[in-house]
Amino acid sequence: MLRRWPGATAAALITLVTIGLIAIDLTDASARRWWADRAFATDVVAGILVVLITVLVVDQVVRVRQLKDRARATAAQAAILMLEAQRAKQAVSAAMKGSGDQDAALDEVRTYMTILSISAPVLIDARVSRTFLEHAQRLGAELARGLASGGKAPGRTTTGSDSRLEGAFRSLRAASAPLLEMLTAEERSAAGS
């Protein structure tokens with residue numbers, strides 16, 4: 001399957017060639033006589049051009065529909081990942097401050113990383129979703145770093161670790177915004193975002 005822009009370029013090129021042939025036929029009497037003397041060649045060229053234009057235009061319409069459908073699936077995956085990211089961040093942050101359960105935080109991070117691993121093949125295809133995936137991986141690293149720092153006495157945490165974790169989550173939320181725009185409010189609430 002051709003990529004989107006080369007297919008569009010090919011369709012435009014074929015259309016321009018067809019328009020050029022029409023213009024030559026209308027303005028140049030010798031070219032018109034040449035094509036009139038070769039009726040079979042004229043019919044074959046005209047038929048090929050019509051088929052090429054039709055195939056390329058239909059291909060572009062199908063491709064746009066596929067991209068739209070894939071974008072919705074990607075957005076749904078991002079919404080699910082954002083929900084788990086929120087839960088994991090809260091659990092790790094609480095564990096870092098000493099007020100949360102370290103094992104529960106570990107379970108949340110494990111769930112987040114599992115969802116991230118499952119989502120990666122879907123998210124890696126397009127530029128916007130790949131950026132989201134990169135931010136999600138950075139958040140995963142910060143979650144692991146936060147767990148590794150261990151629980152402190154209640155109310156005490158490493159300021160650098162907590163701010164890095166919060167910053168990674170904010171950047172993930174910002175990267176998710178273009179993806180989540182694809183979903184309706186009902187779809188976002190169903191995904192928990």
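Data for the structure
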{"read-out": "Residue in region 117-134 that is under 23 Å from residue 161 (Cβ atoms) and outside any helix (DSSP H, G or I) present", "value": "no"}
{"read-out": "Test: residue 59 is among the acidic types (Asp, Glu), surrounded by 12 or more Cβ atoms within 10 Å (Cβ to Cβ) and closer than 30 Å to residue 178 by Cβ", "value": "yes"}
{"read-out": "Which numbered condition residue 126 fails, given (1) under 13 Å from residue 85 (Cα atoms); (2) modelled with pLDDT under 90; (3) among the aliphatic types (A, V, I, L, M)", "value": "(1)"}
{"read-out": "Residue satisfying all of: in region 58-81; touching a Gly at 6+ places or on another chain (Cβ under 8 Å) and not small (Gly, Ala, Ser); farthest from residue 184 (Cα to Cα) among these", "value": "59"}
{"read-out": "Close pairs (8 angstrom Cβ cut-off, 6 or more residues apart or separate chains): over 16 Å from residue 127 (Cβ atoms) in region 57-79, open to solvent by 70 Å² or more (accessible area, probe 1.4 Å) and modelled with pLDDT of 85 or more anywhere", "value": "none"}
{"read-out": "Close pairs (8 angstrom Cβ cut-off, 6 or more residues apart or separate chains): buried (at least 20 other Cβ atoms within 10 Å of the Cβ) in region 142-153, of a type in the set (Ser, Thr, Tyr) and at pLDDT 90 or above anywhere", "value": "143/112; 146/93"}
{"read-out": "Residue in region 30-42 that is open to solvent by 40 Å² or more (accessible area, probe 1.4 Å) and touching a residue at least 40 places away in the same chain (Cβ under 8 Å) present", "value": "no"}
{"read-out": "Those residues of region 94-120 which are within 20 Å of the chain's Cα centre (by Cα), in contact (Cβ under 8 Å) with a residue 24 or more places away in the chain and open to solvent by 50 Å² or more (accessible area, probe 1.4 Å), in sequence order", "value": "113"}
{"read-out": "Any chance residue 91 is over 24 Å from residue 190 (Cα atoms), surrounded by 20 or more Cβ atoms within 10 Å (Cβ to Cβ) and free of Cβ contacts under 8 Å to residues at least 60 places away in the same chain", "value": "no"}
{"read-out": "Cross-chain or 6+ apart pairs with Cβ under 8 Å, region 164-187 first and basic (Lys, Arg), then open to solvent by less than 50 Å² (accessible area, probe 1.4 Å)", "value": "164/142; 173/82"}
{"read-out": "Lone qualifier among 48, 24, 19, 53 - being β-branched (Val, Ile, Thr) and exposed (fewer than 11 other Cβ atoms within 10 Å of the Cβ)", "value": "19"}
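The values are calculated or read from the model by the stated rules, or taken from the named source; none is laboratory data. As the structure is a computational prediction, the values presented were derived from the model and not from experiment. Neighbour counts are summed over all protein chains in view; Cβ atoms, including those assigned to glycine, are modelled from backbone coordinates with ideal geometry. Note: areas computed on protein heavy atoms with side chains; ligands, DNA, RNA excluded. Shrake-Rupley method; radii C 1.70, N 1.55, O 1.52, S 1.80 Å.
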